[in-house]
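Heads up: the structure comes next, in structure tokens.
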Amino acid sequence: MIPSANNKQVQRQAAFQKRLRVSAADGKQAVHHMMEKFLRDVPLKTGAVIAGYWPVNAEINVMPLMVQLLHKGYACALPQVIKRMPPLIFRSWHEKMPMRANIYNMKEPDPTKAAIVRPDILIVPMLSFDPAGGRLGYGAGFYDLTLRHLREKGPVLAVGIAYDLQKIDHVTPENHDLPMDMVVTDKQVYTA
């Protein structure tokens, strides 16, 4: 059964409100625990390009993880929105990279300073998830279509990042939805 758009909107709003209740102190501690689990359990191959995201709307902050990955010698990237429809492209990123606001007023690497790269690992934000890797996003389809586009050119490991409190029993997928290969939270690692 395909969920109604109205039902999905209700789920998104409830998930967003739940995420907003995470305090700054709890959020900082959650980031630390999530980083430990990511670095321990995600298969990181030498030379891998890892694409993260600039956190918005109370998303768990992956930027400290991105800095750790840089210090461990991995190439890092952030998404660039080039139009209002997917797929996203990814540009190289480092701590001193000049950033700019995109059409959604989110930070992205300045395209005049950052090369386009293809990620081997895609870190994906989410509103909620289920233990089987089902993901509820914002509804625009950016990450589903981007992941599908990337996988046409080769394998990409999709790793959802969230607070464990964002877990629900089941995300009912729509035809275009792609599950995550892994979800890493502050409390656990879920593998599909």
| said: Just to be sure I understand the filter: pairs with C-beta atoms under 7 Å, separated by 6 or more residues or on different chains, first member in segment 30-45 and touching a residue at least 60 places away in the same chain (Cβ under 8 Å), second member surrounded by fewer than 16 Cβ atoms within 10 Å (Cβ to Cβ) and part of a helix (DSSP H, G or I). Which pairs pass? | reply: Val31/Pro64
| task | Find the helices (runs of 4 or more DSSP H) located wholly in segment 1-96 whose residues include 2 or more that are exposed (fewer than 14 other Cβ atoms within 10 Å of the Cβ) and among the basic types (Lys, Arg), and list them. | result | 24-41
| said: Please verify whether Asp186 is charged (D, E, K, R) and in a loop (DSSP other than H, G, I, E, B), treating the condition exactly as stated. | reply: yes
| task | Could you look through segment 104-124, keep only residues that are under 19 Å from the mean Cα position of the chain (by Cα) and part of a loop (DSSP other than H, G, I, E, B), and pick out the one that is surrounded by the fewest Cβ atoms within 10 Å (Cβ to Cβ)? | result | Asn105
| Residues located in segment 48-106, provided they are within 20 Å of Gly139 (Cα to Cα), free of Cβ contacts under 8 Å to residues at least 60 places away in the same chain, of a type in the set (D, E, K, R) and in contact with a strand residue (DSSP E or B) (Cβ under 9 Å, 6 or more places away or on another chain) | none
| query | Tell me, which residue of segment 131-170 that is assigned to a loop (DSSP other than H, G, I, E, B) and hydroxyl-bearing (Ser, Thr, Tyr) is farthest from Asp186 (Cα to Cα)? | reply | Tyr138
| task | Identify all residues within segment 123-149 that are aliphatic (A, V, I, L, M) and in contact with a Leu (Cβ under 6 Å, 6 or more places away or on another chain); write none if there are none. | result | Leu127, Leu136, Leu147
| message | When you check Val117 against the structure, is it in contact (Cβ under 8 Å) with a residue 60 or more places away in the chain, aliphatic (A, V, I, L, M) and within 16 Å of Met34 (Cβ to Cβ), yes or no? | response | no
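We did not get these values from a lab; they are worked out from the coordinates using the rules stated. In this text the structure is predicted, and so the values were computed from the model without any measurement. Neighbour counts are summed over all protein chains in view; Cβ atoms, including those assigned to glycine, are modelled from backbone coordinates with ideal geometry.
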